[in-house]
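Working notes, structure below.
The values are calculated or read from the model by the stated rules, or taken from the named source; none is laboratory data. If you're wondering where the values come from, they're calculated on a predicted model, not measured in any experiment. Here the Cβ positions follow ideal geometry from the backbone for every residue, glycine too, while neighbour counts run over all protein chains shown.
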Amino acid sequence: MRPPQSRVERRTLQRTLRESYRSLRQTGLGLPVSLTQLLSLSLFAKDCLEQRGGSPDMAELYSIFDAGHDDAQKNMPIACRKGCNFCCHIAVSATIVEIDVIARHVKSTWSAAAIEALVARIETTFRMNVDDRMAKRVPCPFLVEGSCSIYAVRPFVCRRQVSIDASLCEKALDGADANFPFIKSVGQHGANVRVATAAAAKACGIDYTAYELTSAMHKFLQGAIDIRRFDRRKDFGNEVLADEMPSDLHRHVEIFVEFIK
Ligand code: SF4
């Protein structure tokens with residue numbers, strides 16, 4: 001498949017992608033995922049960003065993503081359970097679009113006291129590096145009573161961490177000679193969808209860098225950040241924030257934009 005070369009080709013391709021998106025809503029995004037499916041998702045996210053002034057319907061994107069996951073996991077010995085949170089002690093990265101959705105969710109559904117408690121938890125973690133957080137077993141600030149308090153709007157990075165052995169997760173957290181046993185194909189699936197969403201943001205002129213979730217959330221909760229006018233230097237000052245999106249993902253974002261712009 002090559003990017004459209006003319007306005008007519010672009011219109012035809014985008015009509016096909018919007019039709020394909022309608023069938024994705026019925027079936028979810030299973031594995032393996034096709035380029036057409038990802039471009040459909042990306043075009044939907046771009047349409048939403050354009051219509052809603054910077055807020056895509058992530059709930060819909062997440063439900064399509066999760067439905068595919070459920071299918072992909074059917075015959076796997078999935079160890080993840082509510083209350084199991086070893087992987088919620090490692091740093092999480094998210095794009096501005098995802099962070100904005102979480103901040104809006106928190107501001108519109110949490111009490112002032114709960115937000116204040118969240119900010120206090122963030123302030124204990126947001127300047128710690130990944131190794132320190134793991135060594136001291138400092139949990140993600142969104143972990144409340146052992147469970148994710150933003151489960152419905154948690155970022156793609158969290159959604160794609162699906163483990164087949166909780167005891168290995170615990171060993172990995174303890175720094176033993178073990179890696180988190182996440183299912184690779186699901187991880188790749190999550191990375192693909194993340195690229196699709198980042199491409200939608202880029203096509204709309206919105207920053208698509210990946211930031212460390214808690215540092216960025218601190219800023220978003222403190223001020224009303226408009227992601228349309230977001231400027232990482234102005235809004236984040238000189239603070240160093242992670243860009244954990246590997247360069248090959250950046251390259252894929254550029255390619256996706258050629259199809260959906
Ligand atoms: S956002 Fe939720 S799922 Fe992700 S690390 Fe934090 S508590 Fe865990």
Cβ-Cβ under 8 Å pairs, at least 6 apart or on other chains, region 124-152 side over 25 Å from SER63 (Cα atoms), far side of a type in the set (Lys, Arg) and surrounded by 14 or more Cβ atoms within 10 Å (Cβ to Cβ): THR125/ARG133
Of all residues in region 85-99 being assigned to a helix (DSSP H, G or I) and within 9 Å of the ligand (Cβ to nearest atom), the one that is farthest from ILE122 (Cα to Cα): CYS87
Any hit, region 91-108, residues being over 27 Å from ASP207 (Cα atoms) and either at pLDDT 85 or above or over 20 Å from the mean Cα position of the chain (by Cα) (or both): no
Checklist (1) charged (D, E, K, R); (2) at pLDDT below 85; (3) within 16 Å of the ligand (Cβ to nearest atom) applied to ASP177, failing item: (3)
Filtered residue count, region 130-155, keeping only those that are outside any strand (DSSP E or B), near the ligand (Cβ under 10 Å from one of its atoms) and surrounded by 14 or more Cβ atoms within 10 Å (Cβ to Cβ): 9
Where GLU170 falls short, out of the listed (1) assigned to a helix (DSSP H, G or I); (2) acidic (Asp, Glu); (3) free of Cβ contacts under 8 Å to residues at least 60 places away in the same chain: (3)
Checking LYS184 against (1) near the ligand (Cβ under 10 Å from one of its atoms); (2) farther than 19 Å from VAL130 by Cβ, the condition it does not meet: (1)
